[in-house]
């Protein structure tokens, strides 16, 4: 059996930077993380064991704690209101927002200030998407796929100043291109469209690589959090080309029947998946 791990697999730069800082803060104590630093249960469990407290709301951080509390801002970023409230409460924000995410914040803020409406291609309710829409003061619409765009966009009235189109950094590249084409060619209800392909390079490279590898694989195993957007996209792409594809969070979830008799098995981790998790799965598969 041949086991292939894509060249672009495991933590991207932004996630690696955020997780490294999270462990450093855990050692110092009196530190918190706003939401999940990374959508990976293995990493989150380890961080909490190290003493980094996970909060979903700033009210969970006690006011009478010794010294100034530190709050880690995850790579996904946070809504603008969280940063304001953090400062008001005297909490020190350790901002690890990915630079690709910050770029989108700047794009939508500027577009909105010019009177433009904004369309975000992304997952409804995702932390990154929530951060983007919080920075828009004009109309903002989130579309998850082409079908949703076709269903809701033509019926909307948009600003005379036009529409700015962006994508969640971990969005499916081909789906973004389909939506962009639809909006540009078929939607006459917007004066003009200003498109920004804001899918990060790390995501695009991983998607392109798994697409090509899955075409010739007998089985594919995608490793990473079930609530991770970038990992889910890899799974969806691999499944298009390889019927024997599974998405697991750790090696103990392996479905061994999936790759029995397989000559070539591709094992890939998303940008939020520790390389150790991918390697552990590879070892188990190779021993079968």
| note | Of the residues in the range 237-282, those that are out of contact with any helix residue (DSSP H, G or I) (no Cβ under 8 Å at 6 or more places or on another chain), surrounded by fewer than 15 Cβ atoms within 10 Å (Cβ to Cβ) and closer than 18 Å to residue 6 by Cβ come to 263, 275, 276
| Hey, among 163, 120, which residue is within 22 Å of residue 75 (Cβ to Cβ), buried (at least 22 other Cβ atoms within 10 Å of the Cβ) and in contact with a strand residue (DSSP E or B) (Cβ under 6 Å, 6 or more places away or on another chain)? | 120
| said: Residue under question is residue 196, and the condition is that it be surrounded by fewer than 21 Cβ atoms within 10 Å (Cβ to Cβ), touching a helix residue (DSSP H, G or I) at 6+ places or on another chain (Cβ under 7 Å) and under 27 Å from residue 236 (Cβ atoms); does it hold? | reply: yes
| query | Got a number for residues in the range 20-47 being free of Cβ contacts under 8 Å to residues at least 40 places away in the same chain, in a helix (DSSP H, G or I) and over 21 Å from the mean Cα position of the chain (by Cα)? | reply | 3
| said: Checking residue 176 against (1) in a helix (DSSP H, G or I); (2) in contact with a helix residue (DSSP H, G or I) (Cβ under 9 Å, 6 or more places away or on another chain); (3) surrounded by fewer than 24 Cβ atoms within 10 Å (Cβ to Cβ); (4) touching a residue at least 40 places away in the same chain (Cβ under 8 Å): exactly one of these is not met. Which one? | reply: (2)
| residue 227 being under 22 Å from residue 13 (Cα atoms), surrounded by fewer than 17 Cβ atoms within 10 Å (Cβ to Cβ) and modelled with pLDDT under 95 | yes
| task | Report, by residue number, each residue of the range 77-99 that is in contact (Cβ under 8 Å) with a residue 24 or more places away in the chain and under 23 Å from residue 201 (Cα atoms). | result | 77, 78, 96, 97, 98, 99
| request: Scan the range 75-113 residue by residue and report those that are more than 28 Å from residue 159 (Cα to Cα) and in contact with a helix residue (DSSP H, G or I) (Cβ under 6 Å, 6 or more places away or on another chain). | output: 75, 76, 85, 93, 96, 98
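The values are calculated or read from the model by the stated rules, or taken from the named source; none is laboratory data. Worth saying up front: this structure is predicted, and the values here are computed from it rather than measured. Cβ: placed from backbone, ideal geometry, glycine included. Neighbour counts: every protein chain shown.
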